[in-house]
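Okay, so here's the structure we're looking at.
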Amino acid sequence: MGHVAGALLAHGAGSDRDQPGLVALEAALAPLPVVRFDFPYRRRGPGRRPPDRAPVLVAAVVEEATALAATLGVGTDRLVLGGRSMGGRMCSMAVAEGLPAAGLVLLAYPLHPPGRLDRPRTAHLCDLGVPCLFVSGTRDPFATPDELVAATGSILGVVTHHWVEGKGHDLRGVDDAVAEVVAGWVAGLPG
């Protein structure tokens, strides 16, 4: 995998570090060191609780990335960061706010809440200067392919889109196929 020394993966709002798609991704990226982590609200124990506010989630990404980089003896600029839905969005916000990274893997990126085009989650995208891989279902209510292509046009890094035909936000049943796409993209990052 050359330049990339490790990967940090974050879960979606209603899940945790053991989300099947993240587990499949870790397996596909082997032997690359991968850390799947739980956000603070998830670490507080079982039960349905809403995610922490964005600044807390972004700080958790920075903390986890810094710890992984230290363990590997590299800077965070040698890590690929990303994850599912909210987790990927928080990783992208951390990078937009200045956390160095080798690239971003954004699975089922939540461009806006379903049906709420008036609430875009795009303001930080123009501050991204790293390679970005977006993997989304063509029927994802959080972002149609046209919406995602338009929104990611402001990203300064090279953007790759991979569409999973007929799939919704959960990308159910295609974990291994998605993981293969991600592993191929990571392997192709410049060294």
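Quick notes on this one:
Residue-wise test of (1) of a type in the set (Asp, Glu); (2) closer than 18 Å to Val178 by Cα; (3) modelled with pLDDT under 95.
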residue: Val4; (1), (2), (3): no, no, no
residue: Leu9; (1), (2), (3): no, yes, no
residue: Leu25; (1), (2), (3): no, yes, no
residue: Ala30; (1), (2), (3): no, yes, no
residue: Arg42; (1), (2), (3): no, no, yes
residue: Gly47; (1), (2), (3): no, no, yes
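- Test: residue in the range 89-105 that is among the hydroxyl-bearing types (Ser, Thr, Tyr), closer than 27 Å to Asp18 by Cα, surrounded by 16 or more Cβ atoms within 10 Å (Cβ to Cβ) and touching a Pro at 6+ places or on another chain (Cβ under 7 Å): no
- Counted residues, the range 45-59 - those being touching a Phe, Trp or Tyr at 6+ places or on another chain (Cβ under 9 Å) and part of a loop (DSSP other than H, G, I, E, B): 4
- The residue that is surrounded by the most Cβ atoms within 10 Å (Cβ to Cβ), among those in the range 134-186 that are of a type in the set (Val, Ile, Thr) and in contact (Cβ under 8 Å) with a residue 40 or more places away in the chain, is Val135.
- For the range 63-85, the count of residues that are in contact with a strand residue (DSSP E or B) (Cβ under 8 Å, 6 or more places away or on another chain) and modelled with pLDDT under 95 is zero.
- Answer residue from the range 87-109, given it is in contact (Cβ under 8 Å) with a residue 40 or more places away in the chain and assigned to a loop (DSSP other than H, G, I, E, B) and is farthest from Leu57 (Cα to Cα) among those: Ala102
- Only listed residue being more than 25 Å from Ala177 (Cα to Cα) and outside any loop (DSSP other than H, G, I, E, B), chosen from Val74, Val62: Val62
- Test: residue in the range 107-128 that is among the acidic types (Asp, Glu) and over 22 Å from Phe39 (Cα atoms): yes
- For the criterion of being at pLDDT 95 or above, of a type in the set (A, V, I, L, M, F, W, C) and assigned to a loop (DSSP other than H, G, I, E, B), Leu148 fails.
The values are calculated or read from the model by the stated rules, or taken from the named source; none is laboratory data. Quick caveat, the model's predicted, so the values are computed rather than measured. Positions of Cβ are backbone-derived with ideal geometry, glycine not excepted, and every protein chain shown enters the neighbour counts.
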